[in-house]
Amino acid sequence: MDEIAIRVMQEKGIDISGQSSKGFLDLPVKELDIVVTMGCKDICPFVSSKEHIEWDIPDPKGKSIEFFRGVRDKIEEKVKKVIGTVENRWPVP
């Protein structure tokens, strides 16, 4: 895990130090409602899902801590929007 990524997530109170990236084939779920990919467009592996969302978010690897923060904040904003959309479609009883 990238040390800068760990640091900028700790700034938000999130510990990702024990995390690692996983491929789609490593996921235990066989049927997915929504798949979000970031920056891979046509080279992403095909994964069957009801909806596919592509976020054009640059890879911060090798960039400054400020760049990492910008990417982190953009992802946070987009995740909040997706959560709002999901909650509207499938309200929790």
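Key figures
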| quantity | calculated |
| --- | --- |
| Isotropically averaged projected area of segment 3-89, using the convex hull of Cα atoms (one quarter of hull area), nm² | 6.6 nm² |
| Between 0 and 90°, nearest 10: helix 65-89 axis offset from the chain longest Cα axis | 20 degrees |
| Of K12/K74; K22/K50; K30/K63; K22/K80, pairs whose Cα-Cα distance is over 25 Å | K30/K63 |
| Cut-off under 5 Å, modelled amide H: who pairs with I57 long-range | G39 |
| Segment 17-31 - phi-based ³J(HN,Hα) in whole Hz, Karplus 6.51/-1.76/1.60, Gly and Pro as x | 4, x, 8, 8, 6, 10, x, 4, 5, 7, 6, x, 7, 9, 10 |
| F24-K74 pseudo-label distance in nm [points 7 Å out on the Cα-to-Cβ vector] | 2.2 nm |
| Local net charge near Q10, Cβ-Cβ under 15 Å (Lys/Arg +1, Asp/Glu -1) | -2 |
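Since every read-out is calculated from the coordinates, none of them should be taken as a lab result. Source: prediction; values computed, not measured. Quick reminder, even Gly has a Cβ in these numbers, built from the backbone with ideal geometry, and neighbours come from all protein chains shown.
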